[in-house]
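Here is the structure we will look at.
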Amino acid sequence: NEHLQQHISNLKQVNEEYENVINGLKSQIKIKDEKISDQHQSIQSLQNEHKERYNKLQQEANQLQQTIEGYKTKTQQLDNSNKQHMNTIKSMKEENKSLSKELQQSKDVNA
């Protein structure tokens, strides 16, 4: 009987030691889980930051593209306007030549 009680006492002690080891392992696992969770949140936070930056850069790129298109349109309009002015100047020069000839012919007739 005493031998049995000693054996039971030994088993209880071994069981207690195993429970301590198990609780220690559970504690370590919990700490590692928390670290993983923190790292996961950090990663998600960084991903969100990068998405925001990417979207902002994309918007800026779109605005710049629109600005460039606007400049192209204005340049084309100015080119067209410039051509019209050059044509007007050209026709005025021709008209001026013609008038000069008429004036010269009129002077020659009157001379």
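The residue among SER9, TYR54, ILE68 whose Cα reaches farthest toward the positive pole of the charge dipole of segment 1-71, with charges on the beta-carbon of Lys, Arg, Asp and Glu, is ILE68. Counting only lysines at least 8 places from LYS97 when in the same chain, those with an alpha carbon closer than 23 Å to its own are LYS83, LYS107.
Were the residues from LEU57 through GLU2 laid out at 0.36 nm apart, the gain over their Cα-Cα distance would be 11.6 nm. Only one of the listed values, (i) 24.2; (ii) 13.5; (iii) 14.0, was derived from the coordinates as Kirkwood radius over Cα pairs in Å; which label is it? Of the labelled values, this structure produces (i). Extension gain, GLN104-ASN87: 0.36 nm per intervening residue step, less the Cα-Cα distance, totals 3.6 nm. Note on LYS51: lysines with a C-alpha under 26 Å away, same-chain residues under 8 apart excluded, are LYS35.
Converting phi to 3J(HN,Hα) with the Karplus coefficients 6.51, -1.76 and 1.60 and the offset θ = phi - 60°, segment 93-100 yields 5, 4, 5, 5, 4, 4, 5, 4 Hz in sequence order, with x at every glycine or proline. The slack between GLU49 and LYS35, meaning 0.36 nm per residue of separation minus the straight C-alpha distance, is 3.0 nm.
Throughout, read-outs are computed from the coordinates displayed, never taken from laboratory work. In this text, all values refer to a predicted model and were calculated from it rather than measured experimentally. No Cβ is skipped: glycine too gets one built from the backbone with ideal geometry, and neighbour counts run over all protein chains shown.
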